[in-house]
Structures are given as structure tokens and as C-alpha cells.
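Just below is one structure, and these are the notes that go with it.
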Amino acid sequence: MSKTYQDKDTDAVARFYAQAAAADDAREEDPEREADLDEVADGLAQLVEGQTVLELACGSGRWTEALAESAAHVLALDINEAMLAQARARELPADLVTWRQADALNLPADLLSGLPPGVEPVKTVFIGFWWSHLTRAAQEHLLAALRARVGKDVQLVLLDDDQVEGTSPPIARTDAQGNTYQLVNGADGERFELPKGYPTDSALRKRLGNAAREIRIARWESCWVLTCRLK
């Protein structure tokens, strides 16, 4: 775990979202999608009630705020300081949320040292709308890193979007490893080719089967949620 993981594709994802944060990019809300996400938020509150949660790639903190409604504490990480600035602006109580700038693909050895005294060990890892931006190699690396840092039997919750015809940018290409990519414009006009996957249930089970057990998947029109426990 001491070797630094480097991936040009995940670097591109980080730069794309850093531009969005710097530009204070606000996307037009889709009422149907927002209704799906509100329902998901209610379910997440039940999943993490009373638990310490590690959130990876927390972005602007939307899901951190939702998790903090019922969790005992949320340790929220993001690689982009601009995103964390937006998240901190939510002014969530310090006894409920700890913000930290960190690369989720290179989790620091002292990952949990910044938690307030008396906080219980991490029981749930939450990843919202980032898993689908990881290549297959990056996903495998992340699963191994999580098992090394937080141990087995920890609950893993993935929330990500589904492809919606007429709304989602089309897949531009597929590489030799089966990773799919979209072409999107950054906030400053730069053109990005980003990894983006819309996995089926069977593909998700296959991807996580060696690292997790008790895999359950729920789908809405615009998103899906997977829960499992790390082996």
C-alpha cells in the first residue's frame, strides 16, 4: 500500500470537477432526478444511522449533509480544495463532520487519526457519483485499499447515476480493457475525455464479488444504490 497509485484518467476527472467548483458551476436541476435522489437520501439515513461514515470524493458536500442527518460522524474526503471550500460553506457541525483533503485512491496511513476523540471506528464507506468515473483497474485498487485501511465487514455503499436517454452524454469509446468514456466540456471550455460507466446489476456483482459479500442493488430511473460488506 506504500506505492502511490497514479492514473491519468482519474487525474482528468479531478481537473474537470476542480474547474466546475472554481466556476461555481450549477447544473439545472431535473425534477424527476431530484425526486429519485430525495428518496435515496431517506434510505441512506436509515443505512448509516448512528454510525461513523467515511465518505470518499465528497465534492460539494451534498451527500455529506444527508449522511450527517443520522450518522454519528462523517469523515469526508476530497482531492479538490475548491470542492471542499464549497462543502465547508455548508457549515455542518464539527462534532458531526470532519473535512479532509486527500486522494481517495491513495488513502493516507493516518486516515482515521483526525477523527474527534471518542468517535467509533468506521462502519460504512460511502461513495456518491465517483465509482462510475473510475476505470476497472482503479476500482480494483480502491477496493483493496479500503480493505487495508478500514478492514473487513465494513459496509460499502455506492450511489451512482444510470444512463437516461436524451439526458446523459453518449459513450464516445470503449478501450481494450472494457472501460467506457464520455466527452464533456469543462467550465473553462476545455474538452475532457472521462471514464464513465453505466454498469448492469450483473456487471456490478462480478466487479465486487471477489472483494465483498451480501451485495444488494436497488435502482431508480436515474440512479442506483449498491450496498455490500467488504470481505
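Just a few scattered comments:
- FRET efficiency, 1/(1 + (r/R0)^6) with R0 41 Å, evaluated for ASP95 and THR200 via beta carbons: 0.50
- Subtracting the Cα-Cα distance of ARG88 and ARG136 from 0.36 nm times their residue separation leaves 14.2 nm of extension gain.
- Reference-scaled alpha-carbon Rg (2.2 N^0.38 Å with N residues) for region 71-121: 1.14
- Burial order of peptide ranges 169-182, 208-221 (average beta-carbon count within 10 Å, highest first): 208-221, 169-182
- Based on Cα atoms of region 109-217, Rg over Rh with Rh as the Kirkwood radius reads 1.02.
- Calculated FRET efficiency for the pair ARG147/ALA35, C-beta based, R₀ 25 Å, to 0.05: 0.10
- Rel. contact order, % - alpha carbon contacts under 8 angstrom, at least six apart, the chain: 21 percent
- Ranked list, fewest to most other Cβ atoms within 10 Å of each Cβ, for TYR5, TYR17: TYR5, TYR17
- Using θ = phi - 60° in the Karplus curve 6.51 cos²θ - 1.76 cosθ + 1.60, the 3J(HN,Hα) couplings for region 145-151 round to 5, 5, 4, 6, 8, 10, x Hz; x is entered for Gly and Pro.
- Among the GluC sites (Glu not before Pro) within region 68-148, those in coil by DSSP and having at most 11 neighbouring Cβ atoms inside 10 Å are GLU91.
- Among beta bridges that DSSP assigns inside the chain, antiparallel share in %, nearest 5: 50 percent
- Annotation: peptides 106-119, 149-162, 45-58, ranked by per-residue average of other Cβ atoms within 10 Å with the highest first, follow the order 45-58, 149-162, 106-119.
- Applying the criteria of a DSSP loop state and at most 16 other Cβ atoms within 10 Å to the trypsin sites (Lys or Arg not before Pro) of region 42-144 yields ARG90.
- Under-21-angstrom lysine pairs by C-alpha in the chain, whenever the two are 8 or more apart or on separate chains: 7
- Note on region 38-139: semi-axes of the ellipsoid equivalent to its C-alpha gyration tensor, largest first and rounded to whole Å, are 19, 16, 14.
- Projected label points at ASP11 and ARG219, each 7 Å from Cα along the beta carbon direction, are separated by 3.6 nanometres.
- Option label - Cα extents along the principal axes in Å computed here, alternatives (1) 49, 48, 35; (2) 50, 39, 30; (3) 48, 39, 37: (3)
Each value in this text was obtained by applying a stated rule to the coordinates, not by laboratory testing. Note that this is a predicted model, so its numbers are computed, not measured. Reconstructed Cβ throughout: ideal geometry from the backbone, glycine too, with neighbour counts over all protein chains shown.
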